[in-house]
1. For every other residue with a beta carbon closer than 13 angstrom to the beta carbon of residue 268, add +1 if it is Lys or Arg and -1 if Asp or Glu, then tell me the sum.
2. By counting other Cβ atoms within 10 Å of each Cβ, how are 359, 371 ranked from fewest to most?
3. Please tell me the relative contact order of the range 54-197 in percent, rounded to the nearest whole number, where contacts are Cα pairs under 8 Å and at least six residues apart.
4. Using a cut-off of 12 Å between beta-carbons, work out the net charge of the residues near residue 92 (Lys and Arg +1, Asp and Glu -1, residue 92 not included).
5. Where the Cα atoms of the range 21-111 are projected onto their three principal axes, how long is each span, largest first, in whole Å?
6. To the nearest 0.05, how large is the calculated FRET efficiency for residue 328 and residue 278 if R₀ is 22 Å and r is the Cβ-Cβ distance?
7. At a temperature of 20 °C and a viscosity of 1.002 mPa s, determine how fast the range 54-197 diffuses translationally according to Stokes-Einstein, using the Kirkwood radius over alpha-carbon pairs as Rh; express D in µm²/s, rounded to the nearest whole number.
8. With +1 on each Lys and Arg Cβ and -1 on each Asp and Glu Cβ, how big is the dipole of the range 54-197 about its Cα centre, in debye rounded to the nearest 20?
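Derivation of every value follows stated rules applied to the coordinates shown; laboratory data play no part. From a predicted model like this one, the values you see are computed outputs, not experimental measurements. Here Cβ is always computed from backbone atoms with ideal geometry, including for glycine, and neighbour counts include all displayed protein chains.
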Amino acid sequence: MAEPGAAVTVASVEDRRQQLEERYGPWRRRSLAQLLDEVADEYPDRPFLVADGHMWTYAEMADWSRRLARGLVDRGIAAGEHFAYVLPNGGEAVALRFAIARAAAVAVPVNVLLQAEELGYVLRQSRAAALVTMETFRGIDALASLDRIAPGWRRDGGGEALPDLRWVVSTGSLADLERDPDEGLDAELAARMERVDVHDTTSIFYTSGTTGQAKGVLSTHDMELRSAYGSAYTRAFEDGRRIFFALPLHHVFAYVEGMLASLFVGGCCIVESVFDPKGALAAIAEHRAGEALFVPTMSLAVIDAARSGSHDLSSLHSVMSAAQSAPTQLWHDLQDVLGVEQLVTAYGMTETSAATTFTMPGDPVENLVGTVGRPKPGGVAGDPSLEGLLAVYKAVDIDGVDVAPGQEGELVARGPIVGSGYYGKPEETAASTLPGGWLRSGDLGYVREDGYLVLTGRAKELYKCGGELVMPSEVEGRLTRLPEVAQAHVVGVPDDRMGEVGCAWIVPAEGATPPSPEVLVEYCRGELARFKVPRHVLYTTPDQLPLTASGKVQKFKLAARAVEELGLSD
């Protein structure tokens, strides 16, 4: 096993990539559980996961997932059924994810920060047959949320509110799902593993859309593993790479770029369920992590903590900081303060199995600041028809027609890691795709002559808060439920820490006294996940709203006004 913290050089990048190619070429299609078992057979005693003060080896995690999978089959979960879970980062989330794959069911990982109404929508729309849920986390009482959604769930499952949900298990009773080796159950699991098609859906990831409701992205075994291998290849993983992250495993960033990618080198994930910059530095030092996954807000906080403390970061040689743009100084500070040699940023979507583009190891800072990289090479997992890439991009105009090279347009992508659409939403699926399998990203930009992508804006009104996508219409819908609020228009505004935060422009109802900003923010906290709650509240009148000729509110003008009134740096 390679020593953590080994120097990253141009030569070592090529050597490590070659070692991966020799180990996995030619590409053999496999399921998630099959890959875990392969690595567990080869490296049974290597650490796979460190979380909550515990360490699980590959053999222990494979066995735990097998025990849970027997329980799923014993409780009547059929191949292809949808199985939801609401779990923070930790051993339970990882073991259950592989157990669901082993049982040939479809995982529906749910954001742990969702409030009752949001959770109810995901469970209902996904048609989840079963649910494993945390009890409490970060002030959220998940069991109380279930009481609101489906009273009597402990006895009747989802009842009339969630008719597909047959049973629910909380983490306090998760051990009751485990089953010892059993001839019949093991034979059924083996038969399911034999029948699984790597192009079967294995996950449904929920992401914000533009129609007012979240959309479930269909993801297959092959999409996820090809993307994970391509990321390990592009970032030139050494054998046994140890990766730290506090990003949630219900999101494709941590799931693909961290957990799944580490499997290809028998690596170890050091994970936290709640991000704390000092805790992150301590974990990196204690467990000798070689790489950290951050969004820029995390990078800034870790840099500040490193300046004020003393930690042994000699093992840390790589940082992937992605999900939103970052200033030049941040990249210099990662090098100078943390001593990191290899820095990369990336771009992708839930619909593209995490990152589709990367800056390359050794790229100048100008590329990290001015671009989001170029399509990542897939190595043996790449598509020969795409010259070994996993996805390719082009820009199109409003009608979906190709624009000239280098000209700005909406970025669209296609390739073997690009999803086929959204569960139960044929109209949204059709609207998001163009002939030839091109997926509309909703982002404006262009492709440089060297293949690097430059983002110039968003075709949609979404914004990212701390790396999480926020749908303004969802927040607006909550605010306008209040009788004192006639209109609400939410825009993203710059924030030093979170990248962007929400600013709600409120038009009070005629004759009503508008609630104070503090009251509105507190109301949203009770209705929405934290990252969706507006940071700022401003008031306006109907005649002051900037409108188009057709009467639509020009949100970009509202955003500019908010920046000016709040005294923010754009």
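1. Numbers: positive: 46, 241, 242, 288; negative: 45, 60, 238, 239, 286, 291.
Value of the local net charge: -2.
2. Numbers: 359 27, 371 22.
The most exposed by this proxy come first: 371, 359.
3. Numbers: 226 pairs, mean separation 39.6, N = 144.
RCO, the range 54-197: 27 percent.
4. Details: positive: 97; negative: 52, 135, 178.
Residues near residue 92 contribute -2 overall.
5. Cα spread of the range 21-111 along its principal axes, largest to smallest: 39, 34, 25 Å.
6. Details: r = 25 Å, r/R0 = 1.15.
The pair residue 328/residue 278 has a calculated efficiency of 0.30.
7. On the way: Rh = 15.4 Å.
Rounded, D is 139 µm²/s.
8. It comes to approximately 240 debye.
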